[in-house]
1. Modelled label-to-label distance, residue 78 and residue 96, 7 Å Cα→beta-carbon offset: nm?
2. Residues in the range 62-91, backbone N under 12 Å from the label point at residue 107 (7 Å along the Cα-to-beta-carbon vector): list them, ranges by number please.
3. I want to check the label-to-label distance for residue 89 and residue 29. Put each point 7 Å from Cα in the C-beta direction and report it in nm to one decimal.
């Protein structure tokens with residue numbers, strides 16, 4: 001999860017952005033919430049979708065971190081879906097920060113429903 005940037009290129013070819021990610025550091029645990037709004041710019045603001053991401057990480061030391069990341073899609077802002085009707089993807093992640101390379105490896109368990117918004121559709 002790249003919480004350090006405000007813009008990213010989401011699925012569907014549109015642009016997304018969010019407010020600043022919210023970081024809470026409880027050494028050695030971090031909690032990060034990123035309230036992302038996604039749009040393809042087709043149809044104006046009515047197609048904004050709420051697609052937040054959350055990360056809970058345990059920093060074992062300055063090199064290794066173990067995390068759970070959740071990516072959700074609650075649909076269009078003007079017709080938000082409940083948590084049980086939105087889509088959710090849950091990742092187990094291992095991060096290794098090296099001198100030259102940072103490596104992140106994850107395994108996903110996803111649940112997607114008909115309510116998943118695609119602003120490009």
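Here, each number is a calculation from the coordinates, and none is a lab measurement. Just so it is clear, the structure is predicted and the values come from calculations on it, not from any experiment. Reconstructed Cβ throughout: ideal geometry from the backbone, glycine too, with neighbour counts over all protein chains shown.
1. It works out to 4.9 nm between the two label points.
2. Those under the cut-off are 91.
3. Between residue 89 and residue 29, the label points sit 2.6 nm apart.
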